[in-house]
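I have a structure I would like to understand better, so I am pasting it below and will then ask my questions one at a time.
Read the figures in this text as sums done on the coordinates, not as results from a lab. Keep in mind the model is a prediction, meaning the values are calculated, not measured. As a convention, Cβ positions derive from the backbone with ideal geometry for all residues, glycine included, and neighbour counts pool all protein chains shown.
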Amino acid sequence: MIVFRTKAELARFASETRRAGKVIGLVPTMGYLHAGHMSLVDTARSKADVVIVTLFVNPTQFGPNEDLDRYPRDFERDRKMCEEHGVDVLFAPEAAEMYAPGSSTWIEETDLARPLCGASRPGFYRGVTTVVGKLFHLAQPDFACFGLKDAQQCFVIERMVRDLDFQVKIVPCPLIRDADGLALSSRNRYLSADERSRALSIHKALLEGRRALEEQGTKDVSGICAKAAAAITAAGGRVDYVEALDRATLKAPTAETREVLLAAAAFFGTTRLIDNELVELEA
């Protein structure tokens with residue numbers, strides 16, 4: 001496995017790989033890898049001649065009071081995991097390498113990025129789409145894998161690719177859970193044992209909401225969301241949002257909606273966790 005630290009190294013390698021006619025699969029991450037990330041790597045490995053994983057804690061997607069400085073980092077651990085899963089290239093730049101001094105150009109999706117995490121974390125998706133766009137230019141992938149734990153992020157990037165004519169196929173990959181049902185996240189390490197136990201209420205509440213949507217359709221979306229939020233609150237969580245939106249538009253579902261994104265974000269202690277269920281409805 002090759003480790004690159006500069007944009008020039010990655011861009012040169014990608015150009016040579018493309019000229020050789022090889023298929024490039026990209027897995028963008030912020031590091032501190034876990035089984036969810038590795039499922040993306042394994043998917044990429046099954047489809048590509050060359051797999052590139054990026055490790056970059058992107059400062060432009062963190063707000064002023066968020067956890068940029070304490071976000072978990074362990075390069076040697078991540079490097080070993082990537083080697084074990086057959087990664088060809090690990091790109092691990094510093095922030096100063098990715099962003100020129102006085103950088104002032106952004107990529108911004110302005111529709112799907114509005115609700116949910118976009119409403120709670122102003123500027124978050126602008127940072128995501130900008131850095132992902134830069135990584136697409138540098139790595140020149142044929143496809144890129146994104147996990148559906150961050151479902152809204154995946155949908156926003158799909159829209160960016162469509163609207164700006166990036167020649168990259170987006171491969172959405174299933175949300176991966178721990179044995180107890182908690183959605184895997186690098187931030188789970190912040191949780192105390194008690195907080196982790198209570199955080200399981202998020203998934204349980206979403207499963208109840210899923211069953212209600214499958215039985216009732218979208219007749220009482222607000223009631224379903226309120227019940228889920230109340231269950232999370234009763235477990236000691238501080239709810240950021242619980243919403244059920246049309247998967248295609250990320251707006252309120254209508255009678256024509258055939259798939260709903262039921263999504264939640266909540267704090268346990270100081271740790272913000274997100275989770276979701278994608279619910280198919282009968283015609």
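Quote the relative contact order of the range 2-173 in percent (integer), defining contacts as alpha-carbon pairs under 8 Å separated by 6+ residues.
This gives 30 percent for the range 2-173.
Between the alpha-carbon centers of the range 23-71 and the range 89-108, tell me the distance in whole angstrom.
Using only Cα atoms, the two centres lie 15 Å from each other.
Further question on the same structure: With no solvent and one equal point scatterer per Cα, compute the Debye intensity ratio I(q)/I(0) for the chain at 0.12 Å⁻¹ and report its log10, rounded to two decimals.
Listed by q, the Debye log ratios stand at -0.78.
Also, I was wondering about something else. Using the C-alpha atoms of the range 183-223, what convex hull volume per residue, in cubic angstrom, is computed?
Cα-based convex hull of the range 183-223, divided per residue, equals 82 Å³.
For labels at GLU16 and LYS227 in the simple 7 Å Cα→Cβ model, what's the distance in nm?
The two pseudo-label positions are separated by 5.9 nm.
Give me the compactness ratio for the range 192-278, meaning the Cα radius of gyration over 2.2 N^0.38 Å.
Here the Cα radius of gyration is 1.07 times the empirical estimate.
Now for a different question. What whole-number distance in Å separates the alpha-carbon centres of the range 143-190 and the range 203-225?
So the separation of the two Cα centres works out to 23 Å.
Let me ask something else. Given only helices, namely DSSP H runs of n ≥ 4 each adding -39500 (n - 2.57), what is the per-residue ellipticity at 222 nm of the chain, to the nearest 500 deg cm²/dmol?
-12500 deg cm²/dmol, from helical runs alone.
Count charges around VAL87 for me, please; just the other residues with Cβ under 14 Å from its Cβ, Lys/Arg as +1, Asp/Glu as -1.
-1
What is the Å³ per residue value for the convex hull set by the Cα atoms of the range 30-71?
77 Å³
Would you please report the Å³ per residue occupied by the convex hull of the alpha carbon atoms in the range 132-261?
Dividing the Cα hull volume of the range 132-261 by its residue count gives 134 Å³.
Next up: Quick check on the chain: of the DSSP beta bridges with both residues there, what percent are antiparallel, nearest 5%?
The antiparallel proportion sits near 50 percent.
Which angle between 0 and 90 degrees, to the nearest 10, do you get for helix 35-47 versus the longest principal axis of the chain when only C-alpha atoms count?
It works out to around 50 degrees.
Using Cα pairs closer than 8 Å and at least 6 residues apart in sequence, work out the relative contact order for the range 123-279, in percent.
Rounded, it is 19 percent for the range 123-279.
Further question: Find the lysine pairs in the chain meeting two conditions, Cα atoms under 23 Å apart and a separation of 8 or more places or different chains, and report how many there are.
Lysine pairs meeting the criterion: 22.
Can I ask one more? Between the range 227-241 and the range 257-280, what is the C-alpha centre distance in whole Å?
12 Å
To two decimal places, what compactness ratio does the range 31-144 give when its Cα radius of gyration is scaled by 2.2 N^0.38 Å?
Cα-based Rg divided by the globular estimate yields 1.13.
Which of the trypsin sites (Lys or Arg not before Pro) found in the range 64-136 are loop residues per DSSP with 12 or fewer other Cβ atoms within 10 Å of their Cβ?
Qualifying residues, ordered by number: ARG70.
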